[in-house]
Structure formats: structure tokens, C-alpha cells
Amino acid sequence: MMKLIITDSIWKKFEPIFNSSKVKKGKDDRMFLEAVCWVMRTGSPWSSLPREFGPWKTAYNRYVRSIKSDYLRQILSDLKQIERVRSLHHYN
């Protein structure tokens, strides 16, 4: 089983964005966000996405649409900040 990084507390912050009427609903929004994080974290191509995330082409197409609508940019920026804070706490 792969390591998931979107904790319940992190998901609570972003779930309202995915539930808004401005965002096209996916089958599993949290797993989509995990897939995006996996690609960003590993640097792997979308075609190497593990099956647990669902079909890679579906995730990739949703990613492209999401970046164009800009909401995902904000989420990724927020996640980056959360990870920085988490890293600082683990470092000290």
C-alpha cells in the first residue's frame, strides 16, 4: 500500500473547494488530490501513476482542467505551505 499524505485535517481544509459549484465533481476528489501530490512528489510521468489512484489518463485530464480553472494552483500553494510548516516541526 502506498503512503497517502492528505490527512483528515488537511482534507477538511480543501473539501469545501471541491464541493463548490465552480469545480467539476470527480469520482473521488481526495484521491485525485493524492494523485496530483504523488506526481509532484515523485516527478514521475502521469502514465506511471499507481492504479490505486485510478486511471492515469482520467487523473491527468482532470489535472489539466483544474490548473486552467486556477483552483488547483491555490490548493497546491497551500499544500506547499502546510508541508513547510510540517517540516519545520519535524526538524526541531
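The numbers here are math on the coordinates, done by the rules we state, and not lab data. Just so it is clear, the model here is predicted, and its values are computed rather than measured. All Cβ positions, even for glycine, are placed from backbone atoms using ideal geometry, and neighbour counts span all protein chains on display.
Note on Ser20 and Lys3: their simple-model spin labels are 3.1 nm apart, each label 7 Å out from Cα toward Cβ. Charged neighbours of Asp78, selected by a Cβ distance under 12 Å, balance to +3 (K, R count +1; D, E count -1). Projecting the alpha carbon convex hull of the chain along each direction and taking the average yields 6.2 nm².
The number of Lys pairs in the chain with C-alpha atoms less than 22 Å apart, excluding pairs fewer than 8 positions apart on the same chain, is 25. Sorting Asp78, Asp70 by the number of Cβ atoms found within 10 Å of their own Cβ, with the fewest placed first, yields Asp70, Asp78. Look at the alpha carbon pairs under 8 Å that are at least 6 residues apart: their mean separation over the length of the chain gives a relative contact order of 18 percent.
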